[in-house]
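These notes concern the structure reproduced below.
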Amino acid sequence: MFQPAPTTTRDDKAFDVGSPLQGTRRRNGKRWLLVIGGLVLIFGTLAGIKVVQIMTMIKVGKTMLPPPESVASAKVQSVDWQPSRATVGTLIAIRGVTLGAEVTGTVREIGFENGGLVKKGQLIVRLDTSAESAQLQSALADAALAKQTLERAESLRKQEVNTQAELENAQAKDKQSRAAVVNLQAIINKKVIRAPFDGRAGIRQVELGQVVSPGTPIVSLQTVTPIYVEFQLPQQSLAEVKLGQKVQLTTDVYPGATWEGEITTVNQEVDTATRNVRMRATVQNPDGRLAPGMFASVDVASGEPRKLLVVPATAVLFAPYGDSVYVLENKKGDDGKEHLLAQQRFIRTAERRGDYVAVSSGLAEGETVASSGAFKLRSGVPVVINNNVAPPAQFVPAPVDR
């Protein structure tokens with residue numbers, strides 16, 4: 001009997017083909033999970049190692065100190081501080097005049113050297129007096145004759161030989177002749193110009209043979225030993241500055257040189273425009289280096305000396321929020337060892353003189369501060385002292401040519 005052949009439906013084929021593809025997908029998913037897990041493990045291990053390294057570095061950093069900074073040091077010292085007021089002044093000669101001619105004449109003799117010292121009464125310039133000398137001889141002769149005439153008239157009057165009018169006429173002529181002699185002698189004296197006081201002559205302004213007229217300047221004469229210095233101070237200084245107060249004078253013409261003096265005049269009038277008081281001090285000038293008209297810096301002592309602590313000005317860090325210094329102290333660092341550390345300390349400053357600044361509060365005598373290199377410090381930084389990096393501070397600094 002005939003049997004029909006077996007047949008396969010479409011749904012059965014799809015089922016048989018899909019089973020191998022699903023197994024492949026499952027295997028691939030497991031592989032990716034293993035890869036991701038491995039990467040997470042690797043990254044986690046690396047992160048852990050890095051965290052351990054960072055923690056170790058932090059712990060080491062806490063116990064490490066930065067390398068020490070090299071600075072210069074100075075002791076806080078106590079000195080006798082004389083309060084003073086600084087100002088500027090002008091030098092003025094004790095006596096000064098420009099000698100000139102009073103009458104017309106021709107220069108016949110010059111008795112001084114340019115810039116030389118002259119004594120009181122020394123000949124400066126002699127003008128031509130030949131005409132006046134001749135007239136003087138004639139006047140002397142007239143005076144002698146008038147005197148003889150007067151004596152004769154007086155004798156005759158006693159004998160009542162002449163009249164009273166003749167006697168009076170003789171007396172008048174005698175007086176006139178003597179006055180003429182005196183007048184000519186005065187003219188001759190005016191043509192001989194002499195120094196009115198001791199001093200130093202300037203540059204002469206006339207030459208031999210020159211005809212001068214009244215008022216023609218001949219030479220300036222100044223007395224500069226001692227010398228005056230005039231300056232002004234605020235009116236508040238009247239309570240501190242008195243006659244006899246000491247002053248110290250310096251000028252940029254002679255760096256490093258100082259001159260001492262004292263106040264000899266205090267003007268009793270206050271300038272209404274500036275509220276300043278004009279003062280004058282007498283300064284010794286034995287070598288004559290100070291000249292009238294020079295500009296000078298003047299330090300005027302005011303008040304009584306007092307004890308103050310001072311530090312070099314280079315040690316102070318000036319700032320709007322407050323001035324400070326770095327105090328050098330031996331302290332234990334974070335490593336447990338003793339180091340020389342810098343500690344910032346705020347101070348209150350007072351006057352300044354030379355290379356030093358007075359400190360009114362914030363420091364104690366004997367403490368050590370960083371006098372050079374303080375700008376690179378901060379609190380807790382170790383330092384090493386090297387006093388060769390900066391020159392020593394001075395109250396009266398003088399430049400050194402090296």
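The values are calculated or read from the model by the stated rules, or taken from the named source; none is laboratory data. These numbers were taken from a predicted model, which means no experiment stands behind them. Positions of Cβ are generated from backbone atoms using ideal geometry, with glycine treated the same way; all protein chains shown enter the neighbour counts.
Values for this structure:
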quantity: Candidates A153, A134, filtered to the one that is without any contact (Cβ under 8 Å) to a residue 60 or more places away in the chain and exposed (fewer than 12 other Cβ atoms within 10 Å of the Cβ); calculated: A134
quantity: Meets criteria (under 30 Å from G96 (Cβ atoms) and part of a strand (DSSP E or B)) for S324; calculated: no
quantity: Residue that is surrounded by the fewest Cβ atoms within 10 Å (Cβ to Cβ) [pool: residues in the stretch 216-245 that are part of a loop (DSSP other than H, G, I, E, B) and among the β-branched types (V, I, T)]; calculated: T216
quantity: Residue in the stretch 309-320 that is in contact with a Pro (Cβ under 9 Å, 6 or more places away or on another chain) and either in a loop (DSSP other than H, G, I, E, B) or surrounded by 13 or more Cβ atoms within 10 Å (Cβ to Cβ) (or both) present; calculated: yes
quantity: Pairs, first under 23 Å from D142 (Cβ atoms) in the stretch 182-208, second part of a loop (DSSP other than H, G, I, E, B) and not hydrophobic (A, V, I, L, M, F, W, C), C-beta under 9 Å, six or more apart; calculated: I187/T129; I188/T129; K190/E102; K191/E102; K191/D128; K191/T129
quantity: Hey, I188 under 14 Å from L99 (Cα atoms) and not charged (D, E, K, R) or not; calculated: no
quantity: Some residue of the stretch 220-240 being among the aliphatic types (A, V, I, L, M) and without any contact (Cβ under 8 Å) to a residue 60 or more places away in the chain; calculated: yes
quantity: Within the stretch 346-402, considering residues that are crowded, with 16+ Cβ neighbours inside 10 Å and assigned to a loop (DSSP other than H, G, I, E, B), the one modelled with the lowest pLDDT; calculated: A390
quantity: Looking only at the stretch 252-303, and only at residues there that are over 15 Å from L91 (Cβ atoms), under 20 Å from the mean Cα position of the chain (by Cα) and exposed (fewer than 12 other Cβ atoms within 10 Å of the Cβ), the one that is modelled with the highest pLDDT; calculated: P255
quantity: Test: residue in the stretch 71-79 that is outside any strand (DSSP E or B) and at pLDDT 85 or above; calculated: yes
quantity: Top-ranked residue in the stretch 242-268 [being in contact with a strand residue (DSSP E or B) (Cβ under 6 Å, 6 or more places away or on another chain) and either among the β-branched types (V, I, T) or not assigned by TED's automatic domain parsing to the domain that holds A281 (or both); ranked as nearest to P292 (Cα to Cα)]; calculated: T251
quantity: Test result for V125, among the β-branched types (V, I, T) and either farther than 30 Å from L290 by Cα or over 47 Å from the mean Cα position of the chain (by Cα) (or both); calculated: no
quantity: Matching option when the condition is of a type in the set (D, E, K, R) and farther than 30 Å from Q222 by Cβ, among R126, R157; calculated: R157
